[in-house]
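The values are calculated or read from the model by the stated rules, or taken from the named source; none is laboratory data. Everything numeric in this text was worked out from a predicted model, so none of it was measured. Here the Cβ positions follow ideal geometry from the backbone for every residue, glycine too, while neighbour counts run over all protein chains shown. Note: areas computed on protein heavy atoms with side chains; ligands, DNA, RNA excluded. Shrake-Rupley method; radii C 1.70, N 1.55, O 1.52, S 1.80 Å.
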Amino acid sequence: MVMGSAAGERAGIVLAGGRSTRFGDREKALATLGGRPLLWHVVARLGTVVDSVVVNCRRDQRAAFRAAVTTTDTDVAFAVDPDPGQGPAAGLSTALNAVGEPVVAVTACDMPFIDPAFFAWLCDRRADAGCAGAVPVVDGHPQVTHSVLAAAPTRVAVDAAAAAGNRSLSGVVARLPVTQVPAAQTRHRTARHSFMDVDTPAELAAARERHRAPRAVDRAHDPGETGVSNAGD
């Protein structure tokens, strides 16, 4: 059952087509956390608040990624980049072309602690504001990989960003009328670690520590020490 959603209303998009250059010679989406791949955690969490999930990836990743998420309860499709290496905005464009729902919840394969309830709230926030998206702000940075966007205007914005030579997700969102959720309200609605991304082996170790003993981590570390995604650029 999808939390707070009518059937066919929203899809999830997981961006996973990057080269994981800071992670070493491994595919970071397949690195394990609690015995399951990072991608599994992201899909399983996002799947509770959307009707289906589209994973954007390269062709050489698809088979392994499909195997990684087979045990989730989520309807997962794969959108393969026709021209890999063109940046996250191109990956978003590829995924959007595979989506039929009018609203998309966007995240990345390396964010295993995303907060489904916060995504559901963002969907309501976007609808109440009557705009093209709801994007939370942390440390002054819009968190595009934890955002909810209207699919149709986002497709137009992606094309406009590409025409301007901008491959970043923030360049796409800058072309949309979105409501930004202020940092104070974001802190009130969800935990900071829900924005944690895993780009390096050291960040994977920190994520494993949190997964094993989340309360101990919260007591031992200041929230400012937790890695936070800077818009997935």
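Here are the numbers for the structure shown:
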item	result
Residues of region 156-199 satisfying the condition of being acidic (D, E) and over 25 Å from L39 (Cβ atoms)	D159
Members of region 84-106 that are in contact with a strand residue (DSSP E or B) (Cβ under 6 Å, 6 or more places away or on another chain) and either open to solvent by less than 10 Å² (accessible area, probe 1.4 Å) or among the basic types (K, R) (or both)	G91, A95, V104, A105, V106
Filter result (outside any strand (DSSP E or B), of a type outside the set (D, E) and at pLDDT 95 or above) within region 100-115	P102, C109, M111, P112, F113, I114
Condition check for C123: in a loop (DSSP other than H, G, I, E, B) and either open to solvent by 10 Å² or more (accessible area, probe 1.4 Å) or modelled with pLDDT of 95 or more (or both)	no
Counted residues, region 32-53 - those being open to solvent by less than 10 Å² (accessible area, probe 1.4 Å) and in contact (Cβ under 8 Å) with a residue 40 or more places away in the chain	8
Hey, F65 crowded, with 20+ Cβ neighbours inside 10 Å and assigned to a strand (DSSP E or B) or not	no
Qualifying residue in region 132-150 (condition: open to solvent by 50 Å² or more (accessible area, probe 1.4 Å), in contact (Cβ under 8 Å) with a residue 24 or more places away in the chain and part of a strand (DSSP E or B))	yes
Selection within region 160-218 - within 18 Å of G133 (Cα to Cα), open to solvent by 30 Å² or more (accessible area, probe 1.4 Å) and among the polar types (S, T, N, Q)	S170, Q180, Q185
Test for A77: is it under 15 Å from the mean Cα position of the chain (by Cα), open to solvent by 30 Å² or more (accessible area, probe 1.4 Å) and touching a residue at least 12 places away in the same chain (Cβ under 8 Å)	no
Search result, residues across region 68-98 that are assigned to a loop (DSSP other than H, G, I, E, B) and among the β-branched types (V, I, T)	V69, T70, T71, T72, T74
